[in-house]
1. Given R₀ = 35 Å, what would the calculated FRET efficiency be for residue 90 paired with residue 52, taking r from the Cβ atoms and rounding to 0.05?
2. Using only protein heavy atoms and a 1.4 Å probe, report how much of residue 451 is accessible, in Å² to the nearest 10.
3. Sum up the charges of everything whose Cβ sits under 14 Å from the Cβ of residue 56, counting Lys and Arg as +1 and Asp and Glu as -1, but leave residue 56 out.
4. Report the Cα centroid-to-centroid distance between the stretch 22-65 and the stretch 404-472 in angstrom, as an integer.
5. Whole angstrom only: what separates the Cα centroid of the stretch 123-196 from the Cα centroid of the stretch 321-399?
6. Between residue 199 and residue 347, take the C-beta separation as r, use R0 = 41 Å, and let me know the FRET efficiency to the nearest 0.05.
7. Given a 1.4 Å probe and heavy atoms of the protein chains only, how would you sort 197, 228, largest accessible area at the top?
8. Between residue 286 and residue 430, how many nm apart are label points set 7 Å from Cα along the C-beta direction?
Amino acid sequence: SAKCGACGPGYATPLDAMKGKYRPREEIVYLPCIYRNTGIEKPDYLATVDVDPQSPHYCQVIHRLPMPNLKDELHHSGWNACSSCFGDATKRRNRLILPSFISSRIYVVDVGTDLRAPRIHKVVEPVELFWKGNVANPHTSHCLGSGDILISCLGDPSGNGKGGFILLDGETFEVKGNWENGEKVPPLSYDFWYQPRHNVLMSTEWGTPKVLADGFNPADIERGHYGRHINVWDWSTHTYIQAVDLGKGSIPLEIRFLHNPDAAEGFVGCALSGAVHRFYKTEKGDWAAEKVIEVPSKKVQGWLFPDMPGLITDILISLDDRFLYFSNWLHGDIRQYDISDTRKPKLVGQVFLGGSITKGGPVTVLEDKELQHQPEPFVIKGKRVPGGPQMIQLSLDGKRLYVTSSLYSGWDKQFYPDLIKEGSVMLQIDVDTERGGLKVNKNFLVDFGKEPGGPVLAHEIRYPGGDCSSDIWM
C-alpha cells in the first residue's frame, strides 16, 4: 500500500478494495491444515498455496509452517491490523493470528518478513486465556481500530459454554484480559462482527465445546447444548444488551454485516435450520431478524439420520454488497444470491461440488423439495472429490470464489469418513459478477490428500492483503 501515501493497512473503502487499488490480484493464499482426528500424529501447519495462473507453481503448496504442538485444531485466522486501521500509518498487516480451537493456544505468525514463507512470531499458551480471562476455545479473530486484537471464545477452561472474548495487545500479543464488561454473558458463542457507526458488536452461537468436540448428536439440541441466538453487544460499554432468537435448533454460525459501514444490517447463516436470516436495526434502535432464505432438508435413507439438512456453514458478502454466497456442506452445493434487495435475496448461481446425496452413493433421497434428481458425483482432474463445499473466500474483485471441504475434524470424521482418509481439497469457482452465475474452474485443484505428511484437512482461506471476511471498515 506504499502508493497511497501515509495510510495504514487495507483500504479506505470496500469499493477501493474491490477495484484492486494499491494491489494486484491474489497470488498466494494461506490455509491452516489440520491433522487432529486423521490418525496421523503430526502437528497442524499453515500452508502457503500459489494461486497465480502465471506461476510455474500454480495450485501447489509452496511452503508449510508446522506448529510446535500436536492436536491444536487450527481453525480460523485473523490479522493484527486490517482496514479498520487504514488511517494509521504506523500499523502494518504483518502478523496472522491463528487461534487453536481445541488446545486453546493462539499462534502469532510473522507473514511480513517473507510473505511466501511465514514463521512463528509468538505462541500464546492456553493458561494465559484461562487465568486472565477464564475463557477457552478461541474462534474468530478481528483486529480493532485501536490496535488491539479481539478474539471470541466458545467456552470456559472446563469445556462448558460461555460467550466471552479475549483481547490481545496488537504490539506485544500479550493477553490483556476480557473485552466484555459486567456479569452478564451469553451461554454460547462462535463468530462475531462489529460496526462502530451503529455502536454494536454481534456474536453468534455454535455449541458447548466439550459436547461438540467429537461429533454431533441431535439429542444435544434438546439438552440446550446448541445455539439459537444472535447476541447483541454495546460497542462502547462492552456490555451484553440483547439476544435475537432465531429458533430452536437453528445453530447460527458465520455472521456478516454489509461492508458499507453506514449499513445497519447484515446476514447470518444457520447451520441446522438451513436458513439465512437478515438482521437489522429497528426504528426503536434495538435489533431484529427475519428469515430471508431457507434450504429445505431432504428425507433420506442410508444416512445417519432420516432428515438431512443443508448445513449452511460459511457465508460471504461481496465487497459491493451485491451478492451473498453460502456453502451447503451436506447437500454439496454453493449458492449465489443477488441481495440488491436485502429483504428478497434472489438465487442467481448454484454449483454442486460433492456432498452426501450424490448418485451411486449410500444415500437415497426419498423426498426433495428442490431437486428432481440426485446430483452426479463431483470429479475434477480425474479425482472424485470427497466431502462437500465448506469454507469459502471471494477474491477482492468478486470474480473468483475459493472453496475448501473440511468443516472441523470431529465432524468431518462423523459425516465424511472418506474426507479423513483422502484429505480435503481447494477448488476455484468463476463468478459472473454482471448477471450472477457460478462455474467450476476445471484447471484448478489443490489436493491436500497428496501432502508429504499424509492426507490433511485444509480449512479457512486468507489472502495476505485482506479479504471480505476479515476486513471491517469504520
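The values are calculated or read from the model by the stated rules, or taken from the named source; none is laboratory data. Keep in mind it's a predicted model, so treat the numbers as computed, not measured. When we count neighbours, we look across all protein chains shown, and the Cβ atoms used for this are built from the backbone with ideal geometry, even at glycine. All accessible areas refer to the heavy atoms of the entire protein, side chains included, with ligands and DNA or RNA removed. Shrake-Rupley method; radii C 1.70, N 1.55, O 1.52, S 1.80 Å.
1. Working: r = 31 Å, r/R0 = 0.87.
Rounded to the nearest 0.05, the efficiency is 0.70.
2. Answer for residue 451: close to 20 Å² accessible.
3. Details: positive: 116; negative: 27, 50, 52.
Computed value for this residue: -2.
4. 11 Å
5. What the calculation gives is 33 Å, centre to centre.
6. Working: r = 34 Å, r/R0 = 0.83.
Computed FRET efficiency for residue 199 and residue 347: 0.75.
7. Details: 197 120, 228 80 Å².
If we order 197, 228 from most to least accessible, we get 197, 228.
8. Those two pseudo-labels are separated by 5.0 nm.
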